[in-house]
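Dropping the structure in here first, questions after.
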């Protein structure tokens, strides 16, 4: 069993044990069961799916509707209705995020997700129906008899679809089947909203007494998350709790990520550029971060913050630092740091993840949860330079430079009483991640470089008062 390595720009983060999901994604035709009354029941087969697999199996429901409609059937009308339901604007939109106009980083990220996922699911639905995927797996007589009770979920129909389903060729059976088709897609879209790599997330369908049909097991956690959306209170914790609620419902504690049977869920930012990565979305990583026993069995576990209330965490004041100017070179040794490791530890029944980084033979340890927290709370320059600012930040008497190793070596979270503090990561994102988890996340601005314009534009970013920490990924003058 090998460790998992996340690689970007010749830098890598290594941890845990890789999980091989592909062998679990074998084709699993839906279960069609003949009932005593002659109808045919439909369920997803037990197993592991990704989103596209589920869309393929949902084509059975659409094909059943089309067969019952007979000569009046119009697959384009029905698929147009699905697309309208999955849109984020318009009369039929089930989740009208475009009209809600959510603000803040989390709202913007979730709105973008809803639009992209809805468009892709709708496209796949059309492709599978054109291919007659369901018709190739099952005979027309069986598909034409598919029927089960579907409770009304109030998904709106277009006017033309309403005329079709309520007309002579339609009726209660057809209406309920189409309702179920729409509902399954809407549940699938909404379930995947938290995930940047939503197409890859493994979804486990379990069967048993009282099990829900298809992906209806998502309904309860979804209802709670929709409340957060409608009240415009989307937080990182709300996204984690929602994802955890249907991927690993046995977990009660909520942290910043979790492990379930099919991998690890952590913020998506870990896989991106610190300056541009999403701050709130999550990502599925094919890794077991924690193994339960010598046999290599993974268990569900929530990853907790080292400090649940970061503002109550111990703090250190920065040391004196050194005079700084634009011509000051970056520490060259930082460019040779190519790997960080994530190491799980257990503290009083809580599982924490440490981010270990070695600089000059010394290993520095930062709480991974605090890194993600620092990333969410950081500021970015707005690209504008306020009139009247000095020609160069070097003219500020209180600007001070600090070496990353010195900052990382201080106990607790690092802050100061006043001043502007500049720290270069020497072009190394691994170092910048560590710094984001080490500095008190109140007035931290991340720059692409320490150029004259970059520093001047950073003067208007942040809180506008108190000590300010300017962290740069790029080198001086770039």
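Please go through region 236-270 and give me each residue that is in a loop (DSSP other than H, G, I, E, B) and either crowded, with 21+ Cβ neighbours inside 10 Å or assigned by TED's automatic domain parsing to the domain that holds residue 437 (or both), ordered by number.
255, 256
Next question, about the same structure. I'm trying to understand the selection: among the residues of region 11-26, which are in contact with a helix residue (DSSP H, G or I) (Cβ under 8 Å, 6 or more places away or on another chain) and assigned by TED's automatic domain parsing to the domain that holds residue 148?
25, the sole residue that qualifies.
Related question: Working only within region 271-305, note down all residues that are under 10 Å from the mean Cα position of the chain (by Cα) and either modelled with pLDDT under 95 or not in a strand (DSSP E or B) (or both). Can you show your working first?
Of all residues in region 271-305, those under 10 Å from the mean Cα position of the chain (by Cα) come to 278-284.
Hits for region 271-305 are 278, 279, 280, 281.
Continuing with this model, one more query. When you scan region 420-441, do you find a residue that is without any contact (Cβ under 8 Å) to a residue 60 or more places away in the chain and either out of contact with any helix residue (DSSP H, G or I) (no Cβ under 9 Å at 6 or more places or on another chain) or within 17 Å of residue 463 (Cα to Cα) (or both), even just one?
Yes, region 420-441 contains a residue that is without any contact (Cβ under 8 Å) to a residue 60 or more places away in the chain and either out of contact with any helix residue (DSSP H, G or I) (no Cβ under 9 Å at 6 or more places or on another chain) or within 17 Å of residue 463 (Cα to Cα) (or both).
Those residues that are closer than 30 Å to residue 97 by Cβ and either outside the structural domain of residue 170 (by TED's automatic domain parsing) or free of Cβ contacts under 8 Å to residues at least 40 places away in the same chain (or both), I need them from region 117-157; list them, please.
119, 123, 127, 130, 150, 151, 152, 153, 154
Next question. Here is a list: 93, 114. Which entry is part of a helix (DSSP H, G or I) and assigned by TED's automatic domain parsing to the domain that holds residue 152?
114
State yes or no: is residue 211 at pLDDT below 95, not assigned by TED's automatic domain parsing to the domain that holds residue 106 and not in a helix (DSSP H, G or I)?
For residue 211, the condition - at pLDDT below 95, not assigned by TED's automatic domain parsing to the domain that holds residue 106 and not in a helix (DSSP H, G or I) - is not met.
When residues of region 37-56 are filtered for being part of a helix (DSSP H, G or I) and farther than 13 Å from residue 213 by Cα, how many remain?
Qualifying residue count for the region: 5.
Looking only at region 329-360, filter to residues that are surrounded by fewer than 16 Cβ atoms within 10 Å (Cβ to Cβ) and part of a loop (DSSP other than H, G, I, E, B); which one of those is modelled with the highest pLDDT?
So, considering only residues that are surrounded by fewer than 16 Cβ atoms within 10 Å (Cβ to Cβ) and part of a loop (DSSP other than H, G, I, E, B), the one modelled with the highest pLDDT is 338.
Among the residues of region 82-102, are any more than 30 Å from residue 378 (Cβ to Cβ) and in contact with a strand residue (DSSP E or B) (Cβ under 8 Å, 6 or more places away or on another chain)?
no
Tell me, yes or no, whether region 36-48 has at least one residue that is exposed (fewer than 13 other Cβ atoms within 10 Å of the Cβ), without any contact (Cβ under 8 Å) to a residue 24 or more places away in the chain and within 30 Å of residue 270 (Cβ to Cβ).
Residues of region 36-48 exposed (fewer than 13 other Cβ atoms within 10 Å of the Cβ): 36-38.
From what is left, the residues that are without any contact (Cβ under 8 Å) to a residue 24 or more places away in the chain are 36-37.
From what's left, within 30 Å of residue 270 (Cβ to Cβ): none.
Looking through region 36-48, none of the residues is exposed (fewer than 13 other Cβ atoms within 10 Å of the Cβ), without any contact (Cβ under 8 Å) to a residue 24 or more places away in the chain and within 30 Å of residue 270 (Cβ to Cβ).
Yes/no per residue for (1) at pLDDT 80 or above; (2) touching a strand residue (DSSP E or B) at 6+ places or on another chain (Cβ under 9 Å); (3) more than 26 Å from residue 304 (Cβ to Cβ); (4) in a helix (DSSP H, G or I):
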{"position": "371", "(1), (2), (3), (4)": "yes, yes, no, yes"}
{"position": "401", "(1), (2), (3), (4)": "yes, yes, yes, no"}
{"position": "405", "(1), (2), (3), (4)": "yes, yes, yes, yes"}
{"position": "410", "(1), (2), (3), (4)": "yes, yes, no, no"}
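Could you list, in sequence order, the residues of region 96-111 that are surrounded by fewer than 20 Cβ atoms within 10 Å (Cβ to Cβ), assigned to a helix (DSSP H, G or I) and at negative phi?
Listed by number, the residues that qualify are 98, 99, 100, 105, 107, 108.
If you don't mind, another one. Consider region 70-83. How many of its residues are assigned to a helix (DSSP H, G or I), touching a residue at least 60 places away in the same chain (Cβ under 8 Å) and surrounded by fewer than 22 Cβ atoms within 10 Å (Cβ to Cβ)? Give the derivation first.
Start the filter on region 70-83 by keeping residues that are assigned to a helix (DSSP H, G or I), which leaves 70-72, 75-83.
Applying the additional criterion that residues be touching a residue at least 60 places away in the same chain (Cβ under 8 Å) yields 70-72, 77-78, 80-82.
Checking which are surrounded by fewer than 22 Cβ atoms within 10 Å (Cβ to Cβ) leaves us with 70-72, 77, 80.
Qualifying residue count, region 70-83: 5.
Test residue 59 against the stated conditions and say whether it is in a strand (DSSP E or B) and in the same structural domain as residue 168 (by TED's automatic domain parsing).
No; evaluated as a whole, the condition is false for this residue.
Restricting to region 422-441, name every residue that is outside any helix (DSSP H, G or I), surrounded by 23 or more Cβ atoms within 10 Å (Cβ to Cβ) and at pLDDT 95 or above.
If the condition is that a residue be outside any helix (DSSP H, G or I), surrounded by 23 or more Cβ atoms within 10 Å (Cβ to Cβ) and at pLDDT 95 or above, then 439 is the only one that fits.
The values are calculated or read from the model by the stated rules, or taken from the named source; none is laboratory data. Keep in mind the model is a prediction, meaning the values are calculated, not measured. For neighbour counting, all protein chains shown are included, and Cβ atoms are generated from backbone atoms with ideal geometry for every residue, glycine included.
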